[in-house]
Amino acid sequence: MTAAGLRWLVGGAPAIWWGLDWMRDDLRAIASDRGLDALTRATGIDLRTTGEVALAGYPQQAVAYLVRHARDPRVVEARFRERLTHRPVRRVAGHQRVSVFGRVGNERRGLATIGPDVAVFQFGGERRTGPARIAVRYSLGELTDIPRAREDPALASLARAFDGAPGRAFWPGPFDGDVAGGLRGLLSVSTGVGLRAMPRAPDAIDITLLVLGDYQENPDRAAALLARAWDDVTTADLGSLLSLEAPIREPTTFPLPGALGLHVTLSASRLLRGLRIVTAASIRDALR
């Protein structure tokens, strides 16, 4: 993934989450086996056994979805082409480097297969300058002057701190406009924000939030502001829906060199039930 224009990045290891017996039923409430089976037939990739995925947002409403898979890339390409409703544009950039672009209705779609196990799906954006094409050029050793996401200074430090976590999310700074006032104004001097999710025990998920920035002038006050910002989130409608106000272990905030941290342990079942309503349920299901 490229750092140029990156707005957010979410990644993780679905196979780890689906491998937890105590979490599987709650996950199925969000993504049913029937739905995932249909996705497997459509893409050739089964997310339940996938070791690494990443979803990234870019300008012009472009979204890139990177997955390391265990399927023949020719199968992944064939399944992608079957869904296109317009004649695709296909380019071969070298050994095991193929890109295909087309449309599904009026929506732009792209796919880059790189090597035997990497696929980058692109939704929206431009064919020549979008994330799928950039991924191919990175693999060819081009674009050396444009940093990858992990080479961005803020994202690199967060990635190192969260290395090995099966759930990760990143928002690169600096932040401006209304966003800069977020987290009780802490984002106005932040260079990036990261969140880590770790399963710890049956029905427990550890959440760690890191806010990068220079808060050394008054670190205790900054940590107190982060605690109050968390309280703001828990009392909002979304926080209530996710049961953030009823953690297994109360949140703690702490200053770090060049960052602020917050740690809290949440109930996995209550969190996932809320996420089902937010991300997966229809309005009819939510009202029911």
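The values are calculated or read from the model by the stated rules, or taken from the named source; none is laboratory data. Just so we're clear, the structure is a prediction, and the values are computed from it rather than from any experiment. Cβ: placed from backbone, ideal geometry, glycine included. Neighbour counts: every protein chain shown. Keep in mind that these areas ignore ligands, DNA and RNA; they rest on the heavy atoms of the full protein, side chains included. Shrake-Rupley method; radii C 1.70, N 1.55, O 1.52, S 1.80 Å.
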Mind checking which pairs have a first residue in segment 220-236 that is under 17 Å from Ser188 (Cα atoms) and a second that is open to solvent by less than 50 Å² (accessible area, probe 1.4 Å) and assigned to a helix (DSSP H, G or I), Cβ under 7 Å, 6 or more apart or different chains?
-> Ala222/Leu186; Leu225/Leu186; Leu226/Leu186; Ala229/Leu186
Is one or more of the residues making up segment 70-91 under 22 Å from the mean Cα position of the chain (by Cα), open to solvent by 30 Å² or more (accessible area, probe 1.4 Å), closer than 30 Å to Gly274 by Cβ and hydrophobic (A, V, I, L, M, F, W, C)?
-> no
Criterion violated by Leu266 - all others in (1) open to solvent by less than 20 Å² (accessible area, probe 1.4 Å); (2) of a type outside the set (Ser, Thr, Tyr); (3) part of a helix (DSSP H, G or I) satisfied | (3)
Please identify the pairs in which a residue from segment 11-24 that is at negative phi has its Cβ atom under 6 Å from the Cβ atom of a residue that is surrounded by fewer than 16 Cβ atoms within 10 Å (Cβ to Cβ), counting only partners at least 6 apart or on another chain.
-> Ala13/Gly51; Ala15/Thr49; Ala15/Gly51; Trp22/Pro202
Report whether or not Gly213 is on the phi > 0 side of the Ramachandran plot and open to solvent by less than 20 Å² (accessible area, probe 1.4 Å).
-> yes
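Within segment 137-149, does at least one residue satisfy the condition of being closer than 30 Å to Leu27 by Cα and touching a residue at least 12 places away in the same chain (Cβ under 8 Å)?
Yes; the residues of segment 137-149 include at least one that is closer than 30 Å to Leu27 by Cα and touching a residue at least 12 places away in the same chain (Cβ under 8 Å).
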Options Arg97, Arg108; residue that is free of Cβ contacts under 8 Å to residues at least 60 places away in the same chain, under 22 Å from Glu52 (Cβ atoms) and crowded, with 16+ Cβ neighbours inside 10 Å | Arg97
Counted residues in segment 5-30 being at pLDDT below 90 and touching a Lys or Arg at 6+ places or on another chain (Cβ under 9 Å) come to 2
For Arg273, which of the numbered conditions (1) open to solvent by 20 Å² or more (accessible area, probe 1.4 Å); (2) more than 20 Å from the chain's Cα centre (by Cα) fails to hold?
-> (2)
How many residues does segment 225-245 hold that are open to solvent by 60 Å² or more (accessible area, probe 1.4 Å) and of a type in the set (A, V, I, L, M, F, W, C)?
-> 3
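Among the residues of segment 9-29, which ones are of a type in the set (A, V, I, L, M), part of a helix (DSSP H, G or I) and closer than 16 Å to Asp203 by Cα?
Passing the criteria: Ile16, Met23, Leu27, Ala29.
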Would a scan of segment 172-182 turn up a residue that is in a strand (DSSP E or B) and closer than 21 Å to Tyr58 by Cβ?
-> yes
Does segment 238-251 contain any residue that is of a type in the set (Ser, Thr, Tyr), closer than 21 Å to Leu183 by Cα, modelled with pLDDT of 90 or more and touching a helix residue (DSSP H, G or I) at 6+ places or on another chain (Cβ under 7 Å)?
-> yes
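Go through segment 142-168 and give me each residue that's under 18 Å from Pro131 (Cα atoms), in contact with a Gly (Cβ under 9 Å, 6 or more places away or on another chain) and not in a loop (DSSP other than H, G, I, E, B).
Passing the criteria: only Leu155.
If you go through segment 138-168 one residue at a time, how many are within 15 Å of Leu209 (Cα to Cα) and either open to solvent by 20 Å² or more (accessible area, probe 1.4 Å) or of a type in the set (S, T, N, Q) (or both)?
Of the residues in segment 138-168, 5 are within 15 Å of Leu209 (Cα to Cα) and either open to solvent by 20 Å² or more (accessible area, probe 1.4 Å) or of a type in the set (S, T, N, Q) (or both).
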